[in-house]
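Read-outs throughout are calculated quantities, based only on the coordinates presented, and are distinct from any laboratory measurement. Worth saying up front: this structure is predicted, and the values here are computed from it rather than measured. Backbone-built Cβ (ideal geometry, glycine too); neighbour counts: all protein chains shown.
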Amino acid sequence: MLSKKVILTGNFGVGKTSLFNRFVYNRFSDKYLTTIGVKVNKKVTEVDGEEVSFLLWDIAGEVSQDKVPVSYFLGAAGIIYVFDLSRPLTFEHIDRDIEHLRQLLPNSVLKIVGNKKDLLQEGEVENILQELSQKCDITTSAKTGESVEELFQELGAELLKRV
Amino acid sequence: MGSDAQKQNDEMMLSIIRDILLREDRDDIADIKELLDDPDKLSERIAPVIEFHIETLKRKFPKEYRKEVDKIVERKLKASQDELLDVVYPVMGKMVRKYVSHQFVSLKESLDDRLRNFFSTQRLVNRFKSMVFGVNEGDLLLSEMDSTSIEEVFLIERDSGVLLGHYSRNTTMDRDVVAGMLTAIKAFVEDAFSKERQDLEMIEYGTYKIYIQSFHLYYAAVILNGSVTATEKDRIAARLLDFAEGEMKGFSYNAEETDTNKLSSKLAEYFKHEGI
């Protein structure tokens with residue numbers, strides 16, 4: 001079984017933990033997030049007929065700030081960069097963040113995710129994505145669960161391709 | 001004379017009028033007096049009224065006076081912390097005493113067992129050790145009883161926290177998640193407190209200890225139960241080095257190529273019979 005570390009990162013309040021909780025059965029308290037700034041959980045899912053074990057690291061805080069230990073990012077085969085579609089402030093520094101992540105983890109699969117699409121109309125989402133300086137890979141709603149499974153399926157498929 | 005007779009007549013008339021006017025009130029007062037003088041009758045009349053008010057108070061009290069009572073209790077608790085501790089300490093003291101005496105009973109039973117086997121091989125070895133090295137035989141007995149046991153061994157990829165192998169005497173919670181969280185904690189501590197490159201070596205909680213030995217691409221976390229002396233730590237470290245030398249030579253992490261089952265059974269081989 002393929003076992004890979006995947007990190008969830010992005011600005012404060014974009015819904016990383018909600019995506020995390022939506023995808024995995026959350027048996028551990030979120031207090032870890034506030035104490036050491038990270039919470040780890042696992043989900044085994046079938047991707048293209050093969051089992052993939054995602055070791056998910058939900059990292060609290062911002063991407064390129066010094067407060068988050070760099071070691072939390074190391075060894076990640078996949079990165080899920082999350083921003084909030086309804087709050088432009090959360091993708092204001094997307095170029096800087098993505099650049100930082102690519103430098104830190106040049107060989108990792110990176111997925112840019114626009115979350116909270118349930119708060120916007122379809123047209124509004126399209127406008128935001130057109131104006132975004134980076135290509136958004138998928139838009140999700142952790143609240144309704146829309147496209148969450150699909151996100152991990154896509155990520156898993158790309159990880160499998162690299163084996 | 002005439003005026004005296006007139007005066008007397010007036011008073012009599014007044015008395016008659018007073019009697020007529022106040023008769024009812026006087027009767028009532030007499031009844032009330034009789035009621036007040038007789039406790040049984042009084043209680044019979046007043047009890048239902050008091051009962052009604054008590055019931056009303058009971059019903060309304062939590063809503064009407066809760067905040068006030070909370071404030072009073074809070075004030076009282078703050079003001080009487082010392083008194084509270086006085087109350088709690090004896091209870092805690094009894095519990096501690098009970099625990100300690102239980103431990104002494106266990107220790108005594110264990111000592112009895114050892115003494116019963118007075119002529120056992122181990123006993124003779126201890127006596128020999130005692131004579132040769134000058135170590136108190138009692139100390140040797142105690143150190144034998146206070147043994148440390150290896151509960152679990154995790155072999156974890158250093159950066160990703162992915163589990164490479166695992167050995168456990170008992171079934172445990174999700175090992176992958178434990179490996180991930182251990183890696184996160186390790187990373188956090190090393191990042192927060194290390195000025196130079198240093199590794200976290202030991203985490204302690206209660207009677208359990210997590211001994212961590214870091215290698216270049218991976219690290220081992222050994223969960224121990226009991227007290228760990230420097231010698232025991234050295235033995236575990238040596239065993240881990242043996243394992244690294246024997247089984248992990250030329251290891252380059254590749255999740256899809258690492259045979260976690262094979263590494264797990266190898267760990268079991270190395271640590272299953274490891275009595276520290």
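Here are some pairs, A:Lys42/A:Lys117; A:Lys5/A:Lys135; B:Lys7/B:Lys33; which of them have Cα atoms lying more than 29 Å apart in this structure?
With Cα atoms farther than 29 Å apart: B:Lys7/B:Lys33.
I'd like to compare A:140-153, B:13-26, B:260-273, B:239-252: which one has the highest average count of other Cβ atoms within 10 Å, and what's the full order after that?
The peptides rank, most packed first, as A:140-153, B:260-273, B:239-252, B:13-26.
For each of B:Val132, B:Val96, count neighbouring Cβ atoms within 10 Å of the residue's Cβ, then give the residues from fewest to most.
Ordered by Cβ neighbours within 10 Å, fewest first: B:Val132, B:Val96.
Please get the size of the charge dipole for segment A:2-161, origin at its Cα centre, with Cβ charges of +1 on Lys and Arg and -1 on Asp and Glu, quoted in debye to the nearest 20.
Values: 19 positive and 24 negative charges, 152 e Å.
That gives a dipole near 740 debye.
Using Cβ contacts closer than 10 Å as the measure, can you line up B:Lys60, A:Lys4 from fewest to most?
Listed from fewest to most nearby Cβ atoms, that is B:Lys60, A:Lys4.
Can you give the % of DSSP beta bridges in segment A:2-161 that are antiparallel, to the nearest 5? Walk me through the numbers before you get to the answer.
Numbers: 11 of 32 bridges.
Just about 35 percent of them are antiparallel.
Report, as an integer, the average count of C-beta atoms from other chains found within 10 Å of each Cβ along B:180-193.
5
Using a 10 Å cut-off on Cβ atoms, rank the peptides B:219-228, A:128-137, B:43-52 from the highest mean neighbour count down.
Sorting B:219-228, A:128-137, B:43-52 by mean packing, highest first, produces B:219-228, A:128-137, B:43-52.
Exposure proxy check: A:Ile98, B:Ile72 ranked by fewest other beta carbons within 10 Å? Don't jump to the answer; show the numbers that get you there.
On the way: A:Ile98 19, B:Ile72 11.
In increasing order of surrounding Cβ atoms, one gets B:Ile72, A:Ile98.
For peptide B:231-237, what's the mean number of Cβ atoms from other chains within 10 Å of each residue's Cβ?
Mean partner shielding for this stretch: 0.
Assigning unit charges at the beta carbon (Lys, Arg +1; Asp, Glu -1) and nothing else, what dipole magnitude in debye, to the nearest 20, does segment A:68-147 show about its Cα centre?
For segment A:68-147, the charge dipole is close to 300 debye.
Return the sequence-ordered ³J(HN,Hα) values of segment A:8-19 in whole Hz as given by the Karplus equation 6.51 cos²θ - 1.76 cosθ + 1.60 applied to θ = phi - 60°, using x for Gly and Pro.
Each residue of segment A:8-19 in turn: 10, 9, x, 5, 4, x, 8, x, 4, 5, 5, 4 Hz.
When only alpha-carbon atoms count, how far does segment A:2-161 stretch along each of its three principal axes, as whole angstroms with the largest first?
Taking the Cα atoms of segment A:2-161, the three principal extents are 38, 38, 31 Å.
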